1. So which residues in region 405-432 are more than 26 Å from residue 148 (Cα to Cα) and acidic (Asp, Glu)?
2. Of the residues 145, 168, which single one is hydroxyl-bearing (Ser, Thr, Tyr), at negative phi, within 18 Å of the chain's Cα centre (by Cα) and buried (at least 19 other Cβ atoms within 10 Å of the Cβ)?
3. For region 395-443, name all the residues that are in a helix (DSSP H, G or I), of a type in the set (A, V, I, L, M) and either without any contact (Cβ under 8 Å) to a residue 24 or more places away in the chain or farther than 18 Å from residue 326 by Cα (or both).
4. Can you spot a residue in region 115-129 that is crowded, with 16+ Cβ neighbours inside 10 Å, without any contact (Cβ under 8 Å) to a residue 40 or more places away in the chain and not aromatic (Phe, Trp, Tyr)?
5. In contact with a strand residue (DSSP E or B) (Cβ under 9 Å, 6 or more places away or on another chain), under 28 Å from residue 49 (Cβ atoms) and of a type in the set (Val, Ile, Thr), is that true of residue 204?
6. Mind checking whether some residue in region 57-68 is at positive phi and touching a residue at least 24 places away in the same chain (Cβ under 8 Å)?
7. Can you name the condition, by its number, that residue 103 falls short on among (1) modelled with pLDDT of 95 or more; (2) among the hydrophobic types (A, V, I, L, M, F, W, C); (3) loosely packed, with under 12 Cβ neighbours inside 10 Å?
8. Looking at (1) more than 30 Å from residue 366 (Cβ to Cβ); (2) polar (S, T, N, Q); (3) surrounded by 19 or more Cβ atoms within 10 Å (Cβ to Cβ), find the lone condition where residue 254 falls short.
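The values are calculated or read from the model by the stated rules, or taken from the named source; none is laboratory data. Please read all numbers here as calculations on a predicted model, not as lab measurements. With ideal geometry, Cβ positions are generated from the backbone for all residues, glycine too; neighbour counts draw on all protein chains shown.
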Amino acid sequence: MRVNRLLIIGLVLIFFSTCRKKDSVPPPPTPSVPGCASLVAPANGAFVTNTSVQLSWSAVSTASSYDIYLGTTPSSSTLAANAVVGTSHTVTIPATPNTTYFWYVVPRNTTGPATGCEPTARSFTYIVISNPASLGYHVVGYFPYYRPIADVPDVKFRMTNVVIYAFYQVNAVGTLVSPGSSTSSLAAVAGKARSNNAKILLGINDGAGDGKTNFKNMASSPQGRTNFIRDVMNVVRTQQLDGVDMDWEFPTTSDGSDVIFTALMKELADSLHRDGRYYLSCAITAGKYAGGIRDAIRNELFPIVDFFNIMAYDDFSTTVPYRHHSDYVLASLCLNYWINTRGMPASKAVLGIPAYGRPSGITQTNTVLSYRNILSQGGNAQLDSAIVSAGSFTNYTIYYNGQYTVKRKAKLSKDIAAGVMFWEKWQDAPDANSLLKAACDTVGRSY
């Protein structure tokens, strides 16, 4: 009996000991301080035009709140807001133009604040925006890099008050590159424009084969846009240019590129219009056909772009014969759409005119001819069609704008719009048959 009694006591002790172990709760681990947050917006090096600036950052899973530091250098940043719940906060800065601010975020929890976050600081600069001086009646002429500048006399530069060098390009990594194998350099064209009292703008298009991929990749992120604009402004300043012409063909609502195109144009306008020094223009679709490309040009661009080059040409058909690709009816329709239907300010609507011809009802391969070459094959400067030969095609009809049609278009654009644009200067005749001359004579522009 004594053995059994001891056995029972032992089992009871084991039972209670086991229960106590199961019922005990280990103390919670001491939480560590959180890591630093990734800053989201504004993009590093961005310009802001409002004294109320919304800062945003990524969430840190172990943080319960965030402290915001702001100053004119990372080391001088002071606490601007503490215990912010959420991942954004609006700060108010003084209305002092051209001041750069640095900011960073310090997450914290019950253990304490994160450490070492100062090196993550980003900057933004407050600027005041003002539009550059009015150009009056626009006569815009593109000058492609592959054309010999010696072929275009000085008087043709005096006929235009805006020359656009075509084109620098966006490359696959989103930076700006000059065209390869340039016949005429940007510096040479810019010098000739300035010496003949014309503004010189840098034309930019997409270096990808489809005309839009590199633009889309670059503009899809705030940092990509900021890096691109920094490149653009560097070229504009170092080459002493008067602005930029954007030739994205084409953003569209069908893939959302209209959203990033609008963001890019707004941010580029902020940089170019700083101190009212530089112009921003944009080449846009003719507007004849409804759809995503036409709708991608949002009305919110109208106040920030200085003028729009409306490409009212290339309305050709490979199956329908006797159809002009850029007649007076198309010019009237396009201006009416953008100005009256869409509400573009008439003072910013510039009508595009081709200095080349296209056939109709046949393939377009090797059939496009410059106006100067059409005349050299017997075309009449007062007519809009001629029988010519080009490439493998012989004795076919090509449709172009002669002086009479250009005069009508110039008069129309003077009455209801802002001027005319020519693609492109070299294709025009260098003598009295010049289309630029016809436009200037019609509107009374001296040269």
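1. Within region 405-432, 415 is the sole residue that qualifies.
2. 168
3. 416, 443, listed by residue number.
4. no
5. Considered against the rule, which asks whether it is in contact with a strand residue (DSSP E or B) (Cβ under 9 Å, 6 or more places away or on another chain), under 28 Å from residue 49 (Cβ atoms) and of a type in the set (Val, Ile, Thr), residue 204 comes out as yes.
6. No, the conditions are met nowhere in region 57-68.
7. (3)
8. Tallying (1) more than 30 Å from residue 366 (Cβ to Cβ); (2) polar (S, T, N, Q); (3) surrounded by 19 or more Cβ atoms within 10 Å (Cβ to Cβ), residue 254 fails exactly one: (3).
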